[in-house]
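The next block holds one structure in the form of structure tokens; read it before the comments.
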Amino acid sequence: SFNSRRVRGTPRSPCAHDDLPTTDSQQPHLEALVYHWTRAGRSTRVGKAAVKYLKLLGDQALDNFSLVEAKELHEMAFRYATDDEALKQERGPLQRRMARRHYLQGEAAAAEELLTAALIAFDAERTPLNM
């Protein structure tokens with residue numbers, strides 16, 4: 001289980017995750033929101049909220065180089081996105097985030113594999129990057 005104390009109060013880089021705007025008032029409550037939405041049952045509405053807050057908290061962990069926490073949070077969000085076809089559009093952004101974590105860990109092959117999967121999920125590319 002992730003340690004929320006490690007990511008609390010982490011400054012966010014200004015443009016690293018510009019697809020997820022947050023407000024200062026939202027920051028202190030992310031752990032509580034993740035807790036609530038990941039235990040609220042299974043529906044598209046619940047999954048969408050869980051993915052949103054898991055991404056935000058995972059992004060904070062990634063920005064703070066808390067790579068174990070980022071991995072856990074982003075992978076949990078990805079499971080929601082793969083369990084519900086209505087959340088399909090979340091898969092590419094999550095794969096991009098997971099690729100960034102692999103890149104920061106010096107795992108270039110894993111990062112490339114996830115970036116290729118993200119491009120396919122974004123429906124932008126069908127040919128692997130190494131071709």
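Among the residues of region 77-87, those identified as in contact (Cβ under 8 Å) with a residue 12 or more places away in the chain and assigned to a helix (DSSP H, G or I) are Ala77, Phe78, Tyr80, Ala81, Asp83, Ala86, Leu87. Looking across region 93-105 at every residue that is surrounded by 19 or more Cβ atoms within 10 Å (Cβ to Cβ) and free of Cβ contacts under 8 Å to residues at least 40 places away in the same chain, the one that is farthest from Asp63 (Cα to Cα) is identified as Gln95.
Could you list, in sequence order, the residues of region 42-57 that are part of a helix (DSSP H, G or I), basic (Lys, Arg) and touching a residue at least 12 places away in the same chain (Cβ under 8 Å)? Passing the criteria: Lys48, Lys52, Lys55.
When region 102-128 is filtered for residues that are on the phi > 0 side of the Ramachandran plot and either out of contact with any helix residue (DSSP H, G or I) (no Cβ under 9 Å at 6 or more places or on another chain) or at pLDDT 90 or above (or both), only Gly106 remains.
Here Glu72 clears all of (1) under 20 Å from Val46 (Cβ atoms); (2) at pLDDT below 95; (3) of a type outside the set (A, V, I, L, M) except the condition numbered (2).
Here Gly92 fits the description: outside any loop (DSSP other than H, G, I, E, B) and of a type in the set (Gly, Ala, Ser). Selection of region 94-114 for residues being under 16 Å from Val68 (Cα atoms) and among the aliphatic types (A, V, I, L, M) yields Leu94, Met98, Ala99, Leu104, Ala110, Ala111.
Candidates in region 22-63 are the residues that are farther than 18 Å from Leu94 by Cα and of a type in the set (Ser, Thr, Tyr); of these, the one that is modelled with the lowest pLDDT is Thr23.
The values are calculated or read from the model by the stated rules, or taken from the named source; none is laboratory data. Because the structure is a prediction, the values reported are computed rather than measured. So basically every Cβ, Gly included, is an ideal-geometry build from the backbone, and we count neighbours across all protein chains shown.
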